[in-house]
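One structure is given below, encoded as structure tokens.
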Amino acid sequence: MTTPATDHVMDRLLFGDNQFFGVNHMSEEKARAQAMRFQDFESVMGVLDSAQAEGIRTFMCTTHERVAQIVDRVRARPDDYPGFVFYPCMPYAHKYANAVTEHGPLEAVRRLLPDEGLVSTALRGGRALATKDVESLVTMLVDAEMAMFQGVTTPVIFLQNVVVDLLLGLGFDEAFAIFARHVRTRYGAEPGYITMNLPRLLDALDRVEVLNPIVCSNMNKLGFRMCGGIEAYREALDEREFRAVAMSVYASGALGPEEAFEWIAQFPKIESVVFGASSATNIRGTRQVVDDVWLPRLSV
């Protein structure tokens, strides 16, 4: 059984990174345009600085290699980023896929292991690879992903949906508990899980006694990419014990901000919303609608 995740108070608005790396679930053309624009690192930092100017100080990010540049900037200029925190989301699947293609599976794992504690890591790695010790392998790969975040604050660490939903399909529930134990013990962080099937994940976390978990999933008025159906999500938000982080609240642009947050405001269980934006104007607009539509409902 893992300790309930109640220590860290999440901000209401979390800033995501999809727009920086060419991810748009509704428009491939827009995704390509964003990827081209944000090849310039200063363009990325300009958007993050705009988010911070609006009081948004949590960056929920993948472990893309370019995120390391952002971490370096924040670490080097702490006075410019007071209270700024990262929520790493791992693994970044393309990084592993590319490494396996180029080097093969075993060599890819070895290349992606963290540099610190080389002897200990090598011993753990030898045992894991020789005996298929899944716990050792999982914890090593988490450590590899976390290496870039040394020296910055990471109060929540998320397991990406590409792995979460694969584990759900395999029925390997214990992996969720392994992840929770490791991020708590090694990093003093809250474990978080991203999924495309919220009801099924909550059942799995209950089975391995990961209590009151932080779970991020698509939650929106249209049921966009909400596996299991919108009614199952409504039931979970009304009746299940977990800390909800909503993503895709705009249904990838199909909903306007006011309509999106009026729906979110129906569910007190939703603690935070993660959103992406590529301009100061859009960030300010989201901040304003949260202040006008969502936050007043929380104080009633």
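The values are calculated or read from the model by the stated rules, or taken from the named source; none is laboratory data. All values reported here derive from a predicted model rather than from experimental measurement. Every residue, glycine as well, gets a Cβ built from its backbone with ideal geometry; the counts of neighbours run over all protein chains shown. Surface areas here come from the heavy atoms of the whole protein model, side chains and all, with no ligands, DNA or RNA. Shrake-Rupley method; radii C 1.70, N 1.55, O 1.52, S 1.80 Å.
Per-residue answers, yes or no, for (1) in contact with a strand residue (DSSP E or B) (Cβ under 6 Å, 6 or more places away or on another chain); (2) among the aliphatic types (A, V, I, L, M):
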site	(1), (2)
K221	no, no
G229	no, no
F242	yes, no
V245	yes, yes
A260	no, yes
A265	no, yes
E271	yes, no
S278	no, no
D291	no, no
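Selection over segment 241-263 of residues that are in a strand (DSSP E or B), closer than 16 Å to T286 by Cβ and either of a type in the set (D, E, K, R) or in contact (Cβ under 8 Å) with a residue 60 or more places away in the chain (or both) gives a count of 2.
Picking from residues in segment 22-67 that are hydrophobic (A, V, I, L, M, F, W, C) and assigned to a loop (DSSP other than H, G, I, E, B), the one that is modelled with the lowest pLDDT is V23.
Every residue, every condition in (1) modelled with pLDDT under 95; (2) open to solvent by 50 Å² or more (accessible area, probe 1.4 Å); (3) at negative phi, yes or no:
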residue	(1), (2), (3)
D79	no, yes, yes
F86	no, no, yes
Y96	yes, no, yes
P105	yes, yes, yes
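Consider V183 against the criteria (1) open to solvent by less than 30 Å² (accessible area, probe 1.4 Å); (2) free of Cβ contacts under 8 Å to residues at least 24 places away in the same chain; (3) within 18 Å of M90 (Cβ to Cβ): it satisfies all of them except one. Which criterion is unmet? It is condition (2) that V183 fails. Kindly provide the set of residues from segment 274-300 that are assigned to a helix (DSSP H, G or I), hydroxyl-bearing (S, T, Y) and exposed (fewer than 14 other Cβ atoms within 10 Å of the Cβ), ordered by number. Answer for segment 274-300, where residues must be assigned to a helix (DSSP H, G or I), hydroxyl-bearing (S, T, Y) and exposed (fewer than 14 other Cβ atoms within 10 Å of the Cβ): just T281. Filtering E235, E209, E271 for residues that are free of Cβ contacts under 8 Å to residues at least 60 places away in the same chain and either among the hydroxyl-bearing types (S, T, Y) or open to solvent by 40 Å² or more (accessible area, probe 1.4 Å) (or both) leaves a single hit, E235.
Residues in segment 212-227 that are open to solvent by 10 Å² or more (accessible area, probe 1.4 Å) and touching a helix residue (DSSP H, G or I) at 6+ places or on another chain (Cβ under 6 Å) were compared, and the one that is nearest to C89 (Cα to Cα) is M226. For segment 56-68, the set of residues classified as open to solvent by 10 Å² or more (accessible area, probe 1.4 Å) and within 14 Å of S272 (Cβ to Cβ) consists of R57, M60, listed by residue number. Taken over segment 150-167, residues that are at pLDDT 95 or above, hydrophobic (A, V, I, L, M, F, W, C) and surrounded by fewer than 22 Cβ atoms within 10 Å (Cβ to Cβ) amount to 1. Restricting V142, V74 to residues that are crowded, with 19+ Cβ neighbours inside 10 Å, within 25 Å of P191 (Cα to Cα), out of contact with any strand residue (DSSP E or B) (no Cβ under 6 Å at 6 or more places or on another chain) and at pLDDT 95 or above narrows the list to V74. Restricting the first member to segment 1-13 and to residues that are of a type in the set (S, T, Y), and the second to residues that are modelled with pLDDT of 75 or more and not in a loop (DSSP other than H, G, I, E, B), the beta-carbon pairs closer than 6 Å and six or more apart or on different chains are T2/A180; T2/V210. Could you go through segment 6-14 and let me know if any residue there is at pLDDT below 90, open to solvent by 40 Å² or more (accessible area, probe 1.4 Å) and under 26 Å from M196 (Cβ atoms). The answer is yes; a qualifying residue exists. Scan segment 252-275 and tell me whether some residue there is within 23 Å of T62 (Cα to Cα) and basic (K, R). No: zero hits. For segment 240-266, taking the residues that are more than 30 Å from E209 (Cβ to Cβ) and acidic (D, E), the one that is surrounded by the most Cβ atoms within 10 Å (Cβ to Cβ) is identified as E259.
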